[in-house]
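Report on the following structure.
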Amino acid sequence: MSRVAYVNGRYVPHTEAAVHIEDRGYQFADGIYEVTAVQGGRVIDEEAHFDRLERSLTELRIPVPMGRPALRHITREMLRRNGVVDGLIYMQITRGVARRDHPFPKEGTPPSVVMTAKRVKPHDPKMLQTGVAAITIPDIRWGRCDIKSVSLLPNVLGKQQAREAGAYEAWMIDQNGMVTEGTSTNAWIVTRSGEVVTRALTNAILGGITRKSLMALAAEAQIKIVERSFSAAEARDAAEAFLTSTTGYVLPIVRLDGQPIGDGTPGPMVKRLRELYLQFMASDQHAA
Ligand SMILES: Cc1ncc(COP(=O)(O)O)c(C=O)c1O
């Protein structure tokens, strides 16, 4: 089955899918995106992803190009046409195509809408059993990290730095020495006294959908989550650490900057939270 992409109202062969060179997403990173997981044909947390998509657009004053029924329809069509049962949906909306000039183009320029779908293999069980490593790097991003903008250069450079250091993720450190988040994941620790901690939502981090769902699941399971900032030193001294994201779900971090966290193996809390999240994904409870 050859891949198909959705570009501005048309389903086209993936190899031929393109936007114009004067698309503002291409020239100014003037656009936003969403990544949604699909498991067993279920689109996980679809409404929450639409909520964040619409919020990102509104914050950037990009018109919402279509309603949720249309987006839902295109999503299902993309899954069907690409034969995706387990995988990822990517959607990107930019301010559209206009002669290159910094101010917004005149009213009526339609936003560009692109969607792709791909199959993704299940996570490598070894990565889950052994956990992954992370490094810390300075957070050099802008002041609106709550917007899921396609402007990801600091994240790209940070992830590359992690990979070159043999790590899976880089945790970014703000000017006060506190961890903001990973380059494409939210950051969590479990302190030695058993507190499960993640940074509170502000403009400094992206409000992860996995973070949000995990918090709800933890509340149902009577596991208390504390939303506060923590430093890299506190993370290194923690009993456990982990990340959350649409692609990684809930993934143990066992080394930070080359030093083991806890005993250097995934701890009981991350295993429990991951299990809760996997059960949630496999249920029809919150999935569309
Ligand atoms: C910077 C950043 N933080 C956190 C996340 C996790 O968000 P979600 O759980 O919605 O995938 C992402 C996901 O791409 C991200 O790019």
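The values are calculated or read from the model by the stated rules, or taken from the named source; none is laboratory data. Just so we're clear, the structure is a prediction, and the values are computed from it rather than from any experiment. Cβ: placed from backbone, ideal geometry, glycine included. Neighbour counts: every protein chain shown. For accessibility, only protein heavy atoms count, side chains too; no ligands or nucleic acids. Shrake-Rupley method; radii C 1.70, N 1.55, O 1.52, S 1.80 Å.
A few remarks follow.
- Accessible area per residue, Å², the chain with all protein chains present, probe 1.4 Å: 49 Å²
- Approximate spin-label separation Lys271-Thr109, in nm, with each point projected 7 Å along Cα-to-Cβ: 5.4 nm
- Candidate residues Lys159, Lys106, Lys212: accessible-area rank, largest first, probe 1.4 Å: Lys106, Lys212, Lys159
- Once the C-beta distance of Glu22 and Tyr90 is scaled by a Förster radius of 30 Å, the resulting FRET efficiency is 0.85 to the nearest 0.05.
- Under Karplus coefficients 6.51, -1.76 and 1.60, residue-wise ³J(HN,Hα) of segment 59-74 in Hz, glycine/proline x: 4, 9, 6, 9, x, 6, x, 7, x, 5, x, 5, 5, 4, 5, 5
- Carbon plus sulfur fraction of accessible area for the chain, probe 1.4 Å, in percent: 53 percent
- When the pairs Lys118/Lys224; Lys118/Lys212; Lys121/Lys159; Lys148/Lys271 are compared against a 26 Å limit on Cα-Cα distance, Lys118/Lys224; Lys148/Lys271 fall above it.
- Debye equation applied to the C-alpha atoms of the chain, log10 I(q)/I(0) at 0.08, 0.15 Å⁻¹: -0.35, -1.20
- Sequence-distant residues sharing a close amide H with Val43 (under 5 Å, placed H): Ala288
- Of all DSSP-defined beta bridges confined to the chain, some 80% are antiparallel rather than parallel.
- Radius 11 Å from Cβ of Arg99, net charge of other residues (Lys, Arg +1; Asp, Glu -1): +1
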